[in-house]
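Here is the structure we will look at, set down as structure tokens.
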Amino acid sequence: MLQINQISFGYNKKFGDLFTDFSLNLEAGNVYGLLGKNGAGKSTLIYLMTGLLTPREGEALMDGENVRKRLPKTMSDLFLIPEEFELPRLTLKEFVSINSPLYPRFSMEDMQRYLDIFEMGGDMNVKLQALSMGQKKKVFMAFAFATNTRALIMDEPTNGLDIPSKSQFRKLISAGMSDDKMMLISTHQVRDISSILDHVTIIDTSRVLLNASIAEVQSRIAFRKMREGDQPIFMMQSALGDIVAVPAQPGEETAVDLEMLFNATLMNPQAINQLFTTPQK
């Protein structure tokens with residue numbers, strides 16, 4: 001669905017390229033988690049894949065079309081929820097009336113369903129500027145999901161949401177996902193999204209350190225208490241003892257600890273790479 005082919009990009013010649021010869025494929029039917037430390041280029045990558053930035057070399061394609069051309073047929077099937085945004089001085093009804101025609105598969109019925117998930121009620125005459133920041137985010141996300149674009153990209157979507165709202169967000173993902181869609185969530189709040197991902201991508205500027213399905217991670221890494229003879233890829237202390245990420249034994253399958261996986265990949269990328277490139281027995 002989305003292909004990033006050998007992209008090179010930098011904001012300033014003085015500091016060099018942020019991405020050099022960077023490639024990544026994102027396929028339909030997956031909810032991707034895009035993870036990386038501060039400065040790894042997650043937001044920049046999102047702007048490149050949505051056509052908001054122009055790469056120095058390479059291209060980002062959606063269904064074979066260069067997204068930088070911002071063709072109507074491409075933009076009507078691609079929606080970005082940025083980390084920060086402003087809503088106009090309109091009622092919700094006016095906002096929907098003006099923007100929904102840009103998206104051929106927009107559904108008012110779906111919009112109402114998503115507003116209900118966020119417990120936002122059905123008042124379409126509410127003034128957007130009268131809403132709190134968290135409420136604005138919920139309304140905007142409800143609209144984004146109701147567009148039914150095949151590609152939905154979110155940058156830090158849980159920032160500004162309280163704990164109940166984060167749970168509602170996870171319900172929103174489940175309600176809005178289908179096999180013909182692709183969702184990508186870029187975040188630092190890994191615990192907010194760990195239960196809804198089926199694919200994880202960890203980047204560090206020009207490198208993809210890990211790009212694997214959750215099922216593949218479960219088959220290759222076990223996250224559990226330390227056992228005698230373990231050779232951990234990563235270890236952290238807890239009140240219950242040492243918790244480790246170790247190569248999974250045949251038949252061993254544990255829940256994926258996304259935070260531990262992220263830290264293990266950053267601190268021991270060679271071991272992770274070897275683990276995921278070695279054929280399984």
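Which value results when the Cα radius of gyration for the stretch 189-230 is divided by 2.2 N^0.38 Å? If you can, show how the numbers build up before the last one.
Numbers: Rg = 12.9 Å, N = 42, 2.2 N^0.38 = 9.1 Å.
Compared with the compact-globule rule of thumb, the stretch 189-230 sits at 1.41.
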So for the pair L240, S97, with labels modelled 7 Å out along Cα→Cβ, what separation do we get in nm? 5.5 nm
Under the Karplus relation with 6.51, -1.76 and 1.60 and θ = phi - 60°, whole-Hz ³J(HN,Hα) for the stretch 87-103, x at Gly and Pro, equal 9, x, 7, 9, 7, 4, 4, 5, 4, 5, 4, 6, 9, 4, x, 6, 10
May I ask you to sort K225, K136, K37 by Cβ crowding, counting other Cβ atoms within 10 Å and putting the fewest first? K225, K37, K136
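Arranged by the count of other C-beta atoms within 10 angstrom, fewest first, what order do H199, H188 take? Please list the in-between numbers first.
Working: H199 22, H188 14.
Taking fewest neighbouring Cβ atoms as first place, the list is H188, H199.
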Non-local amide H neighbours of H199 (under 5 Å, H modeled in plane, Pro and chain starts lacking H): which ones? V31, G33, I214
Cα centroid separation, the stretch 253-276 to the stretch 32-79 (Å): 26 Å
Between E57 and residues 5 or more places away or on another chain, the pairs with built amide H atoms under 5 Å apart involve S8
Where does the Debye-calculated log10 I(q)/I(0) of the stretch 1-149 sit at q = 0.11 Å⁻¹, using only Cα point scatterers of equal weight, no solvent? -0.52
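Within 10 Å of each residue's Cβ, count the other Cβ atoms and sort E253, E109, E216 from fewest upward.
Numbers: E253 12, E109 8, E216 15.
Taking fewest neighbouring Cβ atoms as first place, the list is E109, E253, E216.
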What full-extension length gain, to one decimal in nm, is calculated for S174 and V208 as 0.36 nm per residue of separation minus the Cα-Cα distance? 9.6 nm
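Test of understanding: given the chain, find the longest segment containing no chymotrypsin sites (Phe, Trp or Tyr not before Pro) that are in a DSSP loop and have at most 12 other Cβ atoms within 10 Å. Can you show the working numbers first?
Working: sites that count: Y11, F85.
That would be 86-281.
Based on the alpha-carbon set only, what is the convex hull volume of the chain divided per residue, in Å³?
On the way: hull volume 42.9 nm³, N = 281.
Looking at the chain, the number lands at 152 Å³ per residue.
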Taking the chain and dividing mean pair separation by its residue count, relative contact order in percent (alpha carbons under 8 Å, at least six apart): 20 percent
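Using the Cα gyration tensor of the stretch 149-190, with a ≥ b ≥ c the square roots of its eigenvalues, what is the shape: rounded (a/c below 1.5), prolate (a/b larger than b/c) or oblate (neither)? Write down the numbers at each step before the final one.
Details: a/c = 2.85, a/b = 1.51, b/c = 1.88.
Verdict is oblate for the stretch 149-190.
Values in this text are rule-based calculations from the coordinates and carry no lab data. Fair warning: this is a prediction, and the values are worked out from it, not measured in the lab. Positions of Cβ are backbone-derived with ideal geometry, glycine not excepted, and every protein chain shown enters the neighbour counts.
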